[in-house]
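What follows is a set of notes on a single structure, which appears directly below.
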Amino acid sequence: MNRSNKNYPLSERKADSVVRWSFRQSTFLWLPIVIILSIIFVTALVLPLNQSDYVNFQKSEFLSINRFLMSDSDFWLNITQLGDAMILFPLLSLLIPKYPQIWAALFGAVPVSALLSIGGKNLFDVPRPAAVLDHNLFNIMGDTLTAYNSLPSGHTITVFTAATVVLGVLFPLPNKKQHFIWLAIGSLLAFFVALSRVAVGAHWPLDVALGSVLGYLGGLSGIILTQRYQRWWQWMASPKYQFILSLQVFLFVIAIVYNLSDPDYSKMIILWIAAVIGALMSLYLFLRPTTK
């Protein structure tokens, strides 16, 4: 977009100023390629010709990880909720005022991420651990999931999509120590959320491995869409449209409050944190001055 400021409306210049990086030059695009190809290669080697092969290949690893992490159920039950967009998006709404393109990229990534998640689950039709294993052999935290939709892990796709968007937008060309520290923190958090799906007994290890790859690809789709086609989201950078963003965040808060009526969910501190942050951000965006 090479337009002179003279012929470029002020409102669009403001919106365009929040995207100053070039995705084509982003090291965030090519650095993980080796890791991704490695995971895809390993997954392809063990991708089952039948469901029993898939389960038997990783049964012992699943049981070992699950038993090792069973000591702190409250921690894992809260961490695993970060893979739910209903919880994660209100927390990320803190970034809207300064980085509206992150919010746009998150929604831009939804179509690809959802397609990979839903399509994969329907294609592979892999049973959840609780559907094929004796429940006395491993620890189940939260709901007992017995459907045949284990591969890939939807929660893992969600959190890796979000992590890719946030880190890719904030640090596309990391060249400082603090950049790499934040990249490590974000990646580690996403890893823990993925690991939590095994800890709570909801997924096999390879479910989350594939989910992390698909989530990364979904996140890239949102970044590319936001960077290459800016007009569809530029209104987010204008204060006079903040009430729309306020409404979006508030809808997530309503969904959380509805779930808090369930006694099991009401015990999870992460839901309360997300609800409070989302409500405050929704109010802030609604009351923020419409002119600068």
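The values are calculated or read from the model by the stated rules, or taken from the named source; none is laboratory data. None of these values were measured; they are calculated from a predicted model. A quick note on method: Cβ atoms are made from the backbone with ideal geometry, for glycine too, and the neighbour counts reach across all protein chains shown. With ligands, DNA and RNA removed, areas are computed over all heavy atoms of the protein, side chains included. Shrake-Rupley method; radii C 1.70, N 1.55, O 1.52, S 1.80 Å.
Descriptive notes on the structure:
- Out of Gln234, Gln178, sole residue that is buried (at least 18 other Cβ atoms within 10 Å of the Cβ) and either under 17 Å from the mean Cα position of the chain (by Cα) or not β-branched (Val, Ile, Thr) (or both): Gln234
- Taken together, the residues in the stretch 49-84 that are within 26 Å of the chain's Cα centre (by Cα) and part of a loop (DSSP other than H, G, I, E, B) amount to 5.
- For the stretch 85-119, the set of residues classified as in a helix (DSSP H, G or I), surrounded by fewer than 22 Cβ atoms within 10 Å (Cβ to Cβ) and not hydrophobic (A, V, I, L, M, F, W, C) consists of Pro111, Gly119, listed by residue number.
- Which listed residue, of Ser113, Ser73, Ser64, is free of Cβ contacts under 8 Å to residues at least 24 places away in the same chain and not hydrophobic (A, V, I, L, M, F, W, C): Ser64
- Residue check, Ile254 more than 30 Å from Phe62 (Cα to Cα) and within 18 Å of the chain's Cα centre (by Cα): no
- Within the stretch 120-143, restricting attention to residues that are within 15 Å of Ser153 (Cα to Cα) and part of a loop (DSSP other than H, G, I, E, B), the residue that is most open to solvent (accessible area, probe 1.4 Å) is Asp125.
- Taking (1) more than 19 Å from Ser93 (Cβ to Cβ); (2) in contact with a helix residue (DSSP H, G or I) (Cβ under 9 Å, 6 or more places away or on another chain); (3) without any contact (Cβ under 8 Å) to a residue 40 or more places away in the chain in turn, Val257 satisfies each apart from (1).
- Tally of residues being open to solvent by 20 Å² or more (accessible area, probe 1.4 Å) and either modelled with pLDDT of 95 or more or not polar (S, T, N, Q) (or both) across the stretch 187-205: 6
- Residue in the stretch 150-159 that is touching a Ser or Thr at 6+ places or on another chain (Cβ under 7 Å) and farther than 29 Å from Lys121 by Cα present: no
- Scanning the stretch 260-270 turns up no residue that is in contact (Cβ under 8 Å) with a residue 24 or more places away in the chain, more than 23 Å from Phe160 (Cβ to Cβ) and surrounded by 15 or more Cβ atoms within 10 Å (Cβ to Cβ).
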